[in-house]
1. So which residues in the stretch 178-205 are farther than 21 Å from F321 by Cα, modelled with pLDDT of 80 or more and in a helix (DSSP H, G or I)?
2. Among the residues of the stretch 17-36, is any at positive phi, at pLDDT 95 or above and within 22 Å of the chain's Cα centre (by Cα)?
3. Out of all the residues in the stretch 134-157, which are β-branched (V, I, T) and either crowded, with 19+ Cβ neighbours inside 10 Å or not in a loop (DSSP other than H, G, I, E, B) (or both)?
4. Suppose the filter is without any contact (Cβ under 8 Å) to a residue 24 or more places away in the chain and either outside the structural domain of W128 (by TED's automatic domain parsing) or farther than 26 Å from T155 by Cβ (or both); does Q352 pass it?
5. For D366, state whether it is touching a helix residue (DSSP H, G or I) at 6+ places or on another chain (Cβ under 6 Å), among the acidic types (D, E) and either without any contact (Cβ under 8 Å) to a residue 12 or more places away in the chain or closer than 16 Å to L193 by Cα (or both).
6. S310 fails exactly one of the following numbered conditions: (1) at pLDDT 95 or above; (2) surrounded by fewer than 21 Cβ atoms within 10 Å (Cβ to Cβ). What is the number of that condition?
7. From the list E372, E343, E393, exactly one residue is under 21 Å from S44 (Cα atoms) and either of a type in the set (S, T, N, Q) or more than 20 Å from the chain's Cα centre (by Cα) (or both). Which is it?
8. Does the stretch 95-105 include one or more residues that are closer than 15 Å to Y29 by Cβ and among the β-branched types (V, I, T)?
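The values are calculated or read from the model by the stated rules, or taken from the named source; none is laboratory data. It should be emphasised that the depicted structure is a prediction, and the values quoted were computed from it without experimental measurement. Positions of Cβ are backbone-derived with ideal geometry, glycine not excepted, and every protein chain shown enters the neighbour counts.
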Amino acid sequence: MKLLRLTKLNSYCLKKFYLKHEGLSDKSYEEQRSILDHNAFEWSDYWSQSLKPFGYEAVDVISNVDPLQRAWAKENMPSEASSMPLDDIALAQVKKFAPEIIWFEDNSEQFLKRIRSEIRSIRLVLGWVGSAIPRTKIWSLMDLVFSCAQESVDTLQKAGYPALQLHHGFDPRINGRLTWREKRIGLSFVGQLIRTEQFHLHRDQLLEKLASNLEISIFSPSAYFGWKETGTAIIMRICYDFFKAMKLAGFPEKVLERVPIIGEAAKWPFRPVLPVNPRLKPFMKPPVFGLEMFQALRDSDMTLNIHADSSPHYASNMRLFEATGVGTCLITDWKKNLHQLFEPDKEVVAYQSADECVEKVKWLRDHQKEREEIGLAGQKRTLEDHTFARRAEQLHDVIR
C-alpha cells in the first residue's frame, strides 16, 4: 500500500533552520530531507517510518520548503525547476509516487481538487485538523478527517463530515538525539500565545498567575513581538472603540463602514488585544522547534501544559507525549479523559485551577525525588502506550 503525506512546516522555523545550517539549500533533496527529518520538526518522518512494518510504502512531501522542493525539481525536471510554483512541484511529486492513499495536511481546496482529478491512483483521501477548526469546506473533499481533539471530531461529525479521533504520539528515536545533562531550567512552558478566541486566552491568564508567583521560562514566538506590533494593536483598538462609540451615538453602520480605516473595524468580531501580555514579556525566551524544543523539555525539572481554549473537555495536544516521552515531569490541565492516557499525579501531575497549579508546582519544586519519579513513570507509560508505532497500528486498522 502506497501512502503519501503532504504537509507544510512553520515558515519561521524553516527560515531559522536554513540560516543555522549554512549551505544546506545547495545540497541534494535527500540530504536536505535527511537533515530536516533528523531535527524532528512537527511530525517529521514519524508516520512514514511507523507504517513500514504494516506493509506501507510511505513518503512525506513538505510542500512549502522552497530550497528542498527546488532541489527535487532540479533532479527530476531540470528544465522547469527554477520557474515552477511550489504547488506544481508537489503535484509532480504526488504523480510520480502514485499513491493509493494521500494524507492531505493543507487547507487549499483548489490544490486538493487538482490532486483528486489528476491522480487516478488515489483511492483514499485523509485529512487532519487540530482543536481549532479552520473555516473551510475542504473536509467535503476528504474521505476521513482525523483529529487529536474529540471536540473537533464531534463538530465535524455534527456538520456531516466523516471524522475520527487519533491521538498524537512520541517517537523514541528522539531520545537518542538529545544531550543528557543536568537540568538547567526549573519550570518551562513551550508553545504559542495567540490572544484571540478559540486559541490561548485561558493559557495567557494562567501563565500570568504563575509568573506572579513563580519563576518560569516561556519559550514562545510571542517573545519577538515588539513596539511595532504593540503600536499597531493600539491603533486598531482606538479604531474599534471609535467605531463602537459612533454606532452607539446613532451613526448608521453602513455610513461608518465607508470611513477609511475606521470602517475596517466593522469587520472585527471583537476588540483587538495587545499581541503579547506585558506581564509575561520578562519571562519570555525565543521559540524552540524540533530537537531544540525537545532539548528544552528535557532540560526542565518540570514543564507546563495548557490546552487551547478550543479543547475545553479533552486532553489531546502534542505536549502530553513530547514532555513525558523525554522523561520530564509534566504538569497538565485536568481533562475528563486524562486518566485514560496517564494516571494523574503518578505519571503526570494534573491541576484544575490556577491556584492548584501554583501549589503543585511549588510542592514539586521542593520534592526532587517525587518529581523525578513522576517524570520516569510518565516516560514509561508513553514508551509503552503512546508511541507512533502504536498510533500507526490504529491508523492501519482504520485504513483497512
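1. Answer for the stretch 178-205, where residues must be farther than 21 Å from F321 by Cα, modelled with pLDDT of 80 or more and in a helix (DSSP H, G or I): H202, D204, Q205.
2. There is no residue in the stretch 17-36 that is at positive phi, at pLDDT 95 or above and within 22 Å of the chain's Cα centre (by Cα).
3. Result: I138, V145, V153, T155.
4. Yes; evaluated as a whole, the condition is true for this residue.
5. No; evaluated as a whole, the condition is false for this residue.
6. Of everything listed in (1) at pLDDT 95 or above; (2) surrounded by fewer than 21 Cβ atoms within 10 Å (Cβ to Cβ), S310 misses just condition (1).
7. The unique qualifying residue is E393.
8. Checked against the condition, which is being closer than 15 Å to Y29 by Cβ and among the β-branched types (V, I, T), the stretch 95-105 yields no hits at all.
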